[in-house]
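A.B. asks: The structure that follows is given in the form of structure tokens.
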């Protein structure tokens, strides 16, 4: 694939990611993706012969990798697990507020829409969550409860993001950070 093809593919993925993050699976109709990306209709099926599910799956994987890389960077920069989690919640809160409370978790929007009806996309979401949990687990290495605690922290983060989006407030994220700090002490 040439540079122009790669750029078109990237625009399609970026448009899909934006639509999915702000409105979920059903907001990312192919007509909306084409309009948002400015890409020709034919290029959509050229780059994504599997159609919408392939496009959404790849865009969610891309978003998941991005957040995973941010998590790893924050883990490397933090002196303690509590500081790491506080920084994760602060970072995600900034992202959410800067988007006008439209961008919480790019994976949650998809899994809430299709988990019961679309196994391939549900599996993609599950893999992304597992990778984020692995970053948390690695930071908790040496603790007997690392597996359970990593899953609990991820669940608290996801729930806090949902509540923050609903309330248009960072307060749920701040509360989750305090409670995670208490769990870790």
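A short reminder: the numbers here are calculations on the coordinates, not readings from a lab. Small disclaimer: the values here were computed from a predicted structure and weren't measured. Neighbour counts run over all protein chains shown; Cβ positions are idealised from the backbone, glycine included.
A.B. asks: Quick check on segment 176-185. Is at least one of its residues in contact (Cβ under 8 Å) with a residue 60 or more places away in the chain, in contact with a helix residue (DSSP H, G or I) (Cβ under 8 Å, 6 or more places away or on another chain), exposed (fewer than 15 other Cβ atoms within 10 Å of the Cβ) and farther than 18 Å from residue 74 by Cα?
C.D. replies: Let us first name the residues in segment 176-185 that are in contact (Cβ under 8 Å) with a residue 60 or more places away in the chain, namely 176-177, 180-181, 184-185.
Imposing the further condition that a residue be in contact with a helix residue (DSSP H, G or I) (Cβ under 8 Å, 6 or more places away or on another chain) reduces the set to 176-177, 180-181, 184-185.
Filter again for exposed (fewer than 15 other Cβ atoms within 10 Å of the Cβ), leaving 185.
Narrowing further to those that are farther than 18 Å from residue 74 by Cα: 185.
Within segment 176-185, one or more residues are in contact (Cβ under 8 Å) with a residue 60 or more places away in the chain, in contact with a helix residue (DSSP H, G or I) (Cβ under 8 Å, 6 or more places away or on another chain), exposed (fewer than 15 other Cβ atoms within 10 Å of the Cβ) and farther than 18 Å from residue 74 by Cα.
A.B. asks: With within 25 Å of residue 55 (Cα to Cα) and either assigned to a helix (DSSP H, G or I) or in contact with a helix residue (DSSP H, G or I) (Cβ under 7 Å, 6 or more places away or on another chain) (or both) as the only criterion, which of 154, 173, 162 stands out?
C.D. replies: Working: 154 fails: within 25 Å of residue 55 (Cα to Cα); 173 fails: within 25 Å of residue 55 (Cα to Cα).
It is 162.
A.B. asks: Further, regarding this structure: Could you say whether any residue in segment 134-145 is in contact (Cβ under 8 Å) with a residue 40 or more places away in the chain and either over 24 Å from residue 65 (Cβ atoms) or exposed (fewer than 15 other Cβ atoms within 10 Å of the Cβ) (or both)?
C.D. replies: Yes, the conditions are met somewhere in segment 134-145.
A.B. asks: Output the residues belonging to segment 81-100 that are touching a helix residue (DSSP H, G or I) at 6+ places or on another chain (Cβ under 7 Å) and over 28 Å from residue 143 (Cβ atoms). Before the answer, list the steps.
C.D. replies: Initial filter on segment 81-100 (touching a helix residue (DSSP H, G or I) at 6+ places or on another chain (Cβ under 7 Å)): 81-82, 84-89, 91-93, 96.
Once the filter is applied, which keeps residues that are touching a helix residue (DSSP H, G or I) at 6+ places or on another chain (Cβ under 7 Å) and over 28 Å from residue 143 (Cβ atoms), segment 81-100 yields only 96.
A.B. asks: Where residues in segment 106-132 are in a helix (DSSP H, G or I), in contact (Cβ under 8 Å) with a residue 24 or more places away in the chain and over 13 Å from the mean Cα position of the chain (by Cα), which of them is nearest to residue 67 (Cα to Cα)?
C.D. replies: Restricting to residues being in a helix (DSSP H, G or I), in contact (Cβ under 8 Å) with a residue 24 or more places away in the chain and over 13 Å from the mean Cα position of the chain (by Cα), the top hit is 121.
A.B. asks: Which condition breaks for residue 103 when tested against (1) assigned to a helix (DSSP H, G or I); (2) in contact with a helix residue (DSSP H, G or I) (Cβ under 9 Å, 6 or more places away or on another chain)?
C.D. replies: Of (1) assigned to a helix (DSSP H, G or I); (2) in contact with a helix residue (DSSP H, G or I) (Cβ under 9 Å, 6 or more places away or on another chain), only one is false for residue 103: (1).
A.B. asks: Looking at 20, 56, which one is farther than 23 Å from residue 156 by Cα, touching a helix residue (DSSP H, G or I) at 6+ places or on another chain (Cβ under 7 Å) and touching a residue at least 40 places away in the same chain (Cβ under 8 Å)? Full working, then the answer.
C.D. replies: Details: 20 fails: farther than 23 Å from residue 156 by Cα.
After ruling out the rest, the residue left standing is 56.
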